[in-house]
1. Just checking, how many residues over region 222-266 are among the polar types (S, T, N, Q) and without any contact (Cβ under 8 Å) to a residue 12 or more places away in the chain?
2. Being part of a loop (DSSP other than H, G, I, E, B), open to solvent by 10 Å² or more (accessible area, probe 1.4 Å), over 26 Å from V193 (Cβ atoms) and in contact (Cβ under 8 Å) with a residue 60 or more places away in the chain, is that true of even one residue in region 294-313?
3. Exactly one of these conditions fails for Y201: (1) crowded, with 22+ Cβ neighbours inside 10 Å; (2) modelled with pLDDT under 95. Give me its number.
4. Can you tell me which residue within region 95-121, out of those that are touching an Asp or Glu at 6+ places or on another chain (Cβ under 9 Å) and part of a helix (DSSP H, G or I), is surrounded by the most Cβ atoms within 10 Å (Cβ to Cβ)?
5. Within region 66-94, restricting attention to residues that are outside any helix (DSSP H, G or I) and crowded, with 16+ Cβ neighbours inside 10 Å, which residue is farthest from the chain's Cα centre (by Cα)?
6. Please find, within region 122-165, the residue that is nearest to T85 (Cα to Cα) out of those that are open to solvent by 30 Å² or more (accessible area, probe 1.4 Å) and more than 19 Å from the chain's Cα centre (by Cα).
7. Counting residues that are within 25 Å of A162 (Cα to Cα), which helices (runs of 4 or more DSSP H) fully inside region 194-287 reach at least 3?
8. Of the residues that make up region 267-281, is at least one free of Cβ contacts under 8 Å to residues at least 12 places away in the same chain and of a type in the set (V, I, T)?
Amino acid sequence: MAETAEPSGSSSDSRAQDVTPNFNFVVPKNEIIINPDMGKWKRSQAYADYIGFVLTLNEGVKGKKLSCEYTVSQTVEKLLVLLDTLDRWIDETPPVDQPSRFGNQAFRTWYSTLDKNAEALVAAVLPADKQAAAPEIAVYLKESVGNQTRIDYGTGHEAAFAAFLCCLCKVGALQVDDRLAMVFKVFDRYLQVMRKLQKTYRMEPAGSQGVWGLDDFQFLPFIWGSSQFIDHPTLEPRHFIDKKVVNDNHQDYMFLECIKFINEMKTGPFAEHSNQLWNISAVPSWSKVNQGLIKMYKAECLEKFPVIQHFKFGSLLSIQPVKP
């Protein structure tokens, strides 16, 4: 295996947990109700923490393959068990026969299973002295899998999963040493489960911009995936539209895993069904692609009211303004 597991009895349970600040845990709620509230979001501690988290992971994976060496802590192992459970529930909840081709209603049955069990799943990941955080953090897990009513999934749901991981860091369950495993193990496994959900229940893209959006469902793996390619000796942005390059290298690069999934799900010329990505293939370097995608993520996702109106705020990701 590429990763190295921490020996049992290692310091993983005691690492830095006493230095985490004390939180009065609450059930997160919506705070961005009308468009003018977006100013509150951009000034909030939650925004600073969230974008800081995304950029920290972006820096951590720079120039590294999915198969590189990294430690896997007990918390990461527990998160993988959680995601395996979600995957198993898909197998146990097959799609139902219905007239509509999209939005299979069996998703609602699957979601209700998660809804009932989310707190227990999160509690199993948290250390003993942080169990009180489970109800707050579980909300982000439930928000990360798509919308139960509309049976859709988009970048706001993906952001909820990144927020879920960010919260686990804030309570000390995940550590700085877990950075690579968070992206290469946990987030990569999350993507696999989300793709299975999208395919099994024919989920609609939430707020899709069609061919003018980057992707129907995801954004973060393109950011972190482009960072993996920075300073690559041979593979340049122009190569990712070559199916052979994708098929030969997708096991090592998150960006190519995303392209492979698009190639499987869509037909016709790549330039037509994924115009934004096609344009990105003309950018000369991966560092420029990475910088451009971060800028685009802020503008198209984090600064868009239809996305952020669904984001939830609690004690860990607070709507309070950043302290000067």
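1. First, the residues of region 222-266 that are among the polar types (S, T, N, Q): 226-228, 234, 247, 249, 251, 263.
Then keep just the ones that are without any contact (Cβ under 8 Å) to a residue 12 or more places away in the chain; that gives 234.
Matching residues across region 222-266 total 1.
2. Yes.
3. So the condition that Y201 fails would be (2).
4. W110
5. Keep residues of region 66-94 that are outside any helix (DSSP H, G or I), which gives 66-73, 93-94.
From the residues that got through so far, the ones that are crowded, with 16+ Cβ neighbours inside 10 Å too are 66, 70-73, 93.
Working: L66: 16, Y70: 20, T71: 20, V72: 18, S73: 19, T93: 23 Å.
Filtering region 66-94 for residues that are outside any helix (DSSP H, G or I) and crowded, with 16+ Cβ neighbours inside 10 Å, the one farthest from the chain's Cα centre (by Cα) comes out as T93.
6. Filtering region 122-165 for residues that are open to solvent by 30 Å² or more (accessible area, probe 1.4 Å) and more than 19 Å from the chain's Cα centre (by Cα), the one nearest to T85 (Cα to Cα) comes out as A124.
7. Values: elements: 220-228, 243-249, 254-265, 270-273, 275-280.
So the answer is 220-228, 254-265, 275-280.
8. Yes; the residues of region 267-281 include at least one that is free of Cβ contacts under 8 Å to residues at least 12 places away in the same chain and of a type in the set (V, I, T).
The values are calculated or read from the model by the stated rules, or taken from the named source; none is laboratory data. Computed from a predicted model, the values in this text were never measured in an experiment. Neighbour counts run over all protein chains shown; Cβ positions are idealised from the backbone, glycine included. Protein only, heavy atoms only, side chains kept; ligands, DNA and RNA dropped before computing areas. Shrake-Rupley method; radii C 1.70, N 1.55, O 1.52, S 1.80 Å.
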